[in-house]
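J.: This structure is in structure tokens; I'll ask about it shortly.
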Amino acid sequence: MNFFKNIKLCFYLVVISLVFVASSNAEELSWPREMQLESGVLTIYQPQIDEMQNDILSYRAAVSFKAGASSEPVFGAAWFESRVEIDREERMVHIVSLNVTDTRFPEGSETVKAEFDLAIKERLPGWELEFSLDDLLTSLEASEEAIATANDLNMDPPEIVYRDHPALLIMIDGDPVSREIENSPYEAVINTPYPLIVDPKKKTYYLNAGKDVWYQAQKATGPYSYLANPPSDIAGMVDQSEMEDSDEVVTATNAPEIIARTKPTELIVTEGEAKFEPLVDDLLVITNSASDIFMHVSAQKYYIVLSGRWYNSSSMQGPWSFQKSDELPAAFQEIPPDSDQGESRVYVAGTDEAREAVMDAQIPQTAAVSRGEVDIDVTYDGEPRF
């Protein structure tokens with residue numbers, strides 16, 4: 001699309017003049033910066049420093065283009081590299097060279113990189129590109145703090161439970177919390193998404209795990225047993241009309257095992273004993289599971305990605321350990337993009353999919369909110385606490 005090509009070309013040329021020309025006027029250095037073009041308004045948001053290696057500075061910025069007053073803005077992001085010289089006496093940073101390494105828009109045409117590079121080289125000698133050393137140091141400090149925060153994230157694996165038969169994970173957010181059900185002798189556990197009703201007299205928990213599928217247990221965390229005929233008054237408390245029908249009739253024989261947990265847990269299931277087939281050299285995949293589970297042949301270890309994080313273990317029963325994505329065996333980069341496991345490539349450092357996912361994450365997301373009248377009915381759990 002020529003529209004996006006024109007936006008990107010204008011952006012490359014305008015960003016040089018907007019981002020780096022030094023000024024002592026604080027108002028002139030405010031962000032975001034706008035430039036009126038013939039085709040619309042280009043907005044460049046404050047650049048974010050990624051890192052500085054020797055005299056090479058890497059940074060990025062969000063951008064948007066609005067064709068007209070009534071048009072919705074098109075958002076994108078751009079990445080830069082510059083070689084800089086620092087004047088410590090004047091406390092200024094001079095841009096010696098500038099390279100726009102990449103741009104990203106939600107949709108658009110392929111760009112002709114050589115054309116843009118040529119345009120920048122032709123105009124660069126005419127610009128005096130410099131900015132404050134103090135601003136650079138502040139940005140670098142913020143970047144280092146962000147990296148340190150990321151490094152301090154808790155990467156301990158959740159409990160990973162493996163079953164080779166049907167099973168259902170029931171999460172309770174911390175210790176079970178029950179509240180009286182109005183006009184009944186029963187209570188409901190309120191910190192789980194599943195209907196879980198308590199009979200205090202019998203000290204029995206009744207779990208509705210699916211349409212007309214019930215279990216019972218003496219504790220909220222189980223063990224649970226299938227219940228073909230729950231008490232009618234308890235069953236009548238749960239609206240079954242919006243629940244999906246099971247693909248097959250659930251009986252005591254085929255009822256899934258209930259696994260109830262109060263701490264972060266992941267469940268992986270295979271249909272019977274795990275079945276393997278080669279995926280690429282040195283990498284097998286389990287074919288009878290909804291999860292992407294890999295076996296690295298050389299290391300004789302299982303690998304699985306959960307919520308974007310990799311874990312490995314010598315046994316499907318665990319224990320599992322966190323695995324850095326940039327330290328995965330090389331075979332993972334060879335996973336075929338068109339295979340059933342191709343979606344896992346986005347979590348493998350160094351793949352095109354992982355790089356594109358990082359770039360897509362930099363594009364600002366927007367949402368339209370109607371400011372009309374809204375009726376709000378607030379229900380409190382007990383007396384309001386402010």
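The values are calculated or read from the model by the stated rules, or taken from the named source; none is laboratory data. Quick caveat, the model's predicted, so the values are computed rather than measured. In this analysis, Cβ positions are derived from the backbone assuming ideal geometry, glycine residues included, and neighbour counts consider all displayed protein chains. Ligands, DNA and RNA are stripped out before the accessible areas are found, and what is left, the full protein with its side chains, is counted by its heavy atoms. Shrake-Rupley method; radii C 1.70, N 1.55, O 1.52, S 1.80 Å.
J.: Considering the dipole of the stretch 250-294 built from charges on the beta carbon (Lys and Arg +1, Asp and Glu -1) around the Cα centre, which of Ser289, Gly272, Ala255 is farthest to its positive end?
T.: Farthest towards the positive end: Ala255.
J.: Using a 1.4 Å probe, how large is the accessible area of Ser241, given in Å² and rounded to the nearest 10?
T.: 80
J.: Ok, one more. Can you give me the convex hull volume of the Cα atoms of the stretch 174-275, divided per residue and expressed in Å³? Before the final figure, lay out the partial values.
T.: Values: hull volume 12.7 nm³, N = 102.
It comes to 125 Å³ per residue, whole-number rounded.
J.: Once a ≥ b ≥ c are taken as the square roots of the eigenvalues of the Cα gyration tensor of the stretch 255-386, is the result rounded (a/c under 1.5), prolate (a/b larger than b/c) or oblate (a/b not larger than b/c)?
T.: oblate
J.: Quick one: which residues, 5 or more positions from Ala167 or on another chain, have an amide H under 5 Å from its amide H? H modelled 1.01 Å from N in the peptide plane, none for Pro or chain starts.
T.: When sequence neighbours closer than 5 places are left aside, the close amide H contacts are Glu257.
J.: So what J values fall out for the stretch 167-172 if you push phi through Karplus, 6.51 cos²θ - 1.76 cosθ + 1.60 with θ = phi - 60°, rounded to Hz, Gly and Pro as x?
T.: 8, 9, 8, 10, 9, 10
J.: I'd like the Karplus ³J(HN,Hα) series for the stretch 92-99: coefficients 6.51, -1.76, 1.60, θ = phi - 60°, whole numbers in Hz, and an x wherever there's a Gly or Pro.
T.: Working through the residues one at a time gives 10, 10, 9, 7, 8, 9, 9, 9 Hz.
J.: Can I ask one more? Any chance you could look up the accessible area of Tyr205 with a 1.4 Å probe, heavy atoms only, rounded to 10 Å²?
T.: Solvent-accessible area, nearest 10 Å²: 50 Å².
J.: Just to check I understand the Karplus step: with θ = phi - 60° and J = 6.51 cos²θ - 1.76 cosθ + 1.60, what whole-Hz values come out for the stretch 370-386, glycine and proline as x?
T.: For the stretch 370-386, the Karplus curve yields 6, 9, x, 5, 10, 8, 10, 10, 9, 10, 9, 8, x, 6, x, 10, 10 Hz.
J.: Straight distance only, please: which aspartates and glutamates reach the Cα of Lys301 with their own Cα at less than 12 Å, same-chain residues fewer than 8 apart left out?
T.: Asp282
J.: Counting Lys +1, Arg +1, Asp -1, Glu -1, what net charge surrounds Leu42 among other residues with beta carbon under 10 Å of its beta carbon? Intermediate results must be reported in sequence, preceding the final value.
T.: On the way: positive: Arg33, Lys66; negative: Glu34.
Taking every Cβ under 10 Å from that of Leu42, the sum is +1.
J.: Also, quick follow-up: Can you check what the net charge comes to around Gly272, using other residues whose Cβ is under 11 Å from the Cβ of Gly272 (Lys, Arg +1; Asp, Glu -1)? Each step should come with its number before you reach the end.
T.: On the way: positive: Arg163, Lys275; negative: Asp164, Glu271, Glu273.
Spelling it out: positives minus negatives among the neighbours equals -1.
J.: Moving to a separate point now. Separation between the Asn99 and Glu277 pseudo-spin-labels, each 7 Å from Cα along Cα→Cβ, expressed in nm?
T.: 4.4
J.: Further question on the same structure: May I ask you to list the GluC sites (Glu not before Pro) in the stretch 212-317 that are in a DSSP loop and have at most 16 other Cβ atoms within 10 Å of their Cβ?
T.: Glu242, Glu244, Glu248, Glu271, Glu273
J.: For q = 0.13, 0.16, 0.18, 0.26 Å⁻¹, what log10 I(q)/I(0) does the stretch 32-96 give under the Debye formula with an equal point scatterer on each alpha carbon and no solvent?
T.: Values, matching the q order: -0.50, -0.66, -0.75, -1.06.
J.: Sticking with this one: What is the spin-label model distance, in nm, from Ile181 to Asn54 if the labels are put 7 Å beyond Cα along the C-beta direction?
T.: With each label point 7 Å from Cα toward Cβ, the separation is 7.1 nm.
J.: What do you reckon, how do Ser232, Ser344 stack up by accessible area (1.4 Å probe), largest on top?
T.: Details: Ser232 100, Ser344 5 Å².
If we order Ser232, Ser344 from most to least accessible, we get Ser232, Ser344.
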